[in-house]
Each structure stands twice: as C-alpha cells, then as structure tokens.
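Values quoted throughout were computed directly from the atomic coordinates according to the rules given, and no laboratory measurement underlies them. Keep in mind the model is a prediction, meaning the values are calculated, not measured. Positions of Cβ are backbone-derived with ideal geometry, glycine not excepted, and every protein chain shown enters the neighbour counts.
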Amino acid sequence: MWVARRFMSLIARRGQYGLFYQPQGSLPKLEFRYLNCTCCWRSRIPVAGFETLNDTLSSSTTACDDNKSLDAYYTSEQRGVILQLLNNAAESELAAVKLLRGRKSVNIVEYRTRNGPFKNLESVTNVPLLKHKSAVIVFNSILNPPEKKEKRKVKIQLAKFIRPEVERTWLEEANSIVSIVCGVNKIAWAHMDRGMNVLEWKHEDCHNFLKGTYMASAYLDDISSVVSHLPTADFFVVEKTSISLQNTALYPVMAHMRTVEAMLFALLEPRYTQPDNTAPPKVLNMMRTAVGRHFGLMVGDSRTSGAQAMQQMMTESVTQKIPRVTFPHNLLVKYRNSFQMGGRSRGEELCDAMLQAVAFYELLSESS
C-alpha cells in the first residue's frame, strides 16, 4: 500500500516530465488500465493496456507490411539467386540458411515436390511457417550469407571407441569385418574388406523384438537366425548405443539393445567356447557417437540421420574412378531408393551398419 502511494506521489511531483510524459512525435497515447493493490484491493495503479501496447509496437512498418509484393524489393538478379537456391538446394543445404533449420527446410522441400518450383518470391509465403517477415530474413540471409568459420576436425582415436581393447596389429591385419547394427525390429549388417569393397549388405526382420512380454527364448530364436546368415570375418563389430539411463522413457529400448548385444557377443565369440585365451577377441563394440562424429552427424549429444552421407557414397561408387566405397552393382540397384530424404523408411539400420564399417577402416587408417 505504501509503495503504491509513494509511486503516485513521485508522478505528481515530476509533473509534465514524469513517467507518462509524452513529447511531440512520440508513440500514440496509451490507454490506461488499473491494477488493484494486493493489500487492501481498493487502491489502484494505472498501467497501459496490453492490446494498446501490442498495437503500438506492431505499427512500425517493414518491407513486407505494405501492399507491395516481396518481389518488388529485390532486383531480378537477386530474385534469381534466391529462387535458384530454394528450388534446387537439398534439405541439409536449406538448413544452413538462417531460420530454415528444422521443420522449415522440410516444408520447403515438401511444398516444391507437390507444387513444383517457386515461380516468384511471394509464392514462398505459401510454405507453412514462412510468412512475410520470416521470408525477408531468409532472402537476405541467402543474398548475404554469414562467413563460415573453418572448423578444425577433431581427430578421433579409434582405440577410445573400441571395446574390448585389441592390439592394433590385429586390427590392421584383418582382411574383413562384419559391421552389425540392431534396430527395434531388425538387425542389419555390412561385410566389408580393408580395400573398402562391400562384400555383403543385408538386414533381417526380427519379429519377436519388443513384442508383448519379453521372452528370452524368443529373442534367442531371432538372433540365432541372424547369426546363422552372417558371413565369416576376422572381426564382428557390434554398435554400442548411447541411450542414457537418465531417460526413463527409453529404458525398454535400452534394455532391448543390451539384450541383443549380449546375445550377439555370446553367439559370435569363440573364446567363450574354446580354452585358448591367447587369441584376439572376435566381437568388438564400437561407440555410435564415434561414427556420428566421424561423419559430422552429431548435433549436441544427439546423432542425426546418415541417409544423405549414404546416398553420396553410393553415387560416388559409380561416378568416381577411386570412390570412397565400392558397391557391387546389384546392391546399388537393390538399395538405391532405401535412403530417400523425407521418406517414411530410410533403411536406417542398413545405413548405420555401412557407416560403422566405413568409419572403422577410415579411423584405423587415420590413426596410423
């Protein structure tokens, strides 16, 4: 109560130079409303109405507030540059533009797929989440892109992401590996030699995974079926997921992954059935985050899809004399549409199994 009276007293003393003094050419006069004092509910303090304040702030004009088309504010050359990028850039390229990261870039790709290329700048405002003010920021960002700071690639030591520890010479002498990735309803694998030639690339559905009450015998049947179809190799590299124990909602998935991992180790590791302890382990774990960092797929602590990287490697296999990875023609034909951006099923397990195999050999050669 005392604070309210003191506040009104200060206003009266300062007169025309007080808190609500309005000089010539200032903002429009605000209509006052009142807040009741919390002590006695009788004294009232004047405040500006929120609707009036919002109307005042929104009254400032911008290039997109009048009746002119957005195209009128750019030259023909500028319009050409903007439309060229919006009509041809991939989702990942659009995400590099200011305001387009996330759902907006997806909306642009989906809109132009359904309606064809953008014919003018004004038509861009038909894309969900892209109204006039947002569109102007996007256009200006395309015309004046920020300078990219060259990121220094952090060297990843393979030994830090492989468990159990294995002598380096054993890894270097390996003629081939089988990279294995488990999903929620399937297991995928990629068989690759050290010349980066893909020998086999498959996945198999596991119908008992995460279905009803967990049954160890049902899991064992599915995993045994997969193991019986795996080719022979010097090492089996099983993906080690990075699901946090703190995320209780994902606990069933984490338990599922750990169960499959344990069974794969038991079924594939001959040292558990033979007395010879001097032989190197046949089954290794490779951290999922290590593969994500190698391919630049990490956003904070989360890993994004590697579908685009997979598409690029498959394309390079037929367009370059010395490709990063060499795929057999029959596998290219079989999986050419399995990693389409925006598709319902991108073949994530197949993609991750291949990326893990590539990362294994490339990290091994980088650390030599």
Notebook entry, point to check: Based on the mean of other beta carbon atoms within 10 Å per residue, what is the order of 187-194, 349-356, 168-175, most packed first?
Noted result: 349-356, 187-194, 168-175
Next item on the list: Give the Debye-formula value of log10 I(q)/I(0) at each listed q (0.10, 0.21, 0.22, 0.23 Å⁻¹), with one equal scatterer per alpha carbon of region 280-368, two decimals each.
Entry: -0.28, -1.13, -1.20, -1.27
Check: Can you work out the FRET efficiency for the pair THR113 and LYS133, with r the C-beta to C-beta distance and R0 = 30 Å, to the nearest 0.05?
Finding: 0.75
Next item on the list: Report the full-extension gain for the segment ASN285 to ALA96: residue separation times 0.36 nm, less the Cα-Cα distance, to one decimal in nm.
Entry: 64.7 nm
Next item on the list: Apply 1/(1 + (r/R0)^6) to the Cβ-Cβ distance of ILE322 and LEU199, taking R0 = 25 Å, and write down the FRET efficiency to the nearest 0.05.
Entry: 0.85
Item checked: Pairs beyond 25 Å (Cα-Cα), from LYS160/LYS334; LYS160/LYS321; LYS104/LYS186; LYS68/LYS119; LYS211/LYS240; LYS98/LYS131 -> LYS160/LYS334; LYS160/LYS321; LYS104/LYS186
Next item on the list: Report the label-to-label distance for THR304 and ARG258 in nanometres (one decimal), using points 7 Å from each Cα along the Cα→Cβ vector.
Entry: 3.1 nm
Check: Thinking of region 168-255 as a set of Cα atoms, what percent of all their pairs are more than 20 Å apart?
Finding: 46 percent
Notebook entry, point to check: On the first, second and third principal axes, largest extent first, how far apart are the outermost C-alpha atoms of region 91-241 in Å?
Noted result: 59, 43, 27
Next item on the list: Could you give the spread of the C-alpha atoms of region 179-329 along their three principal axes, from largest to smallest, in whole angstroms?
Entry: 49, 40, 30
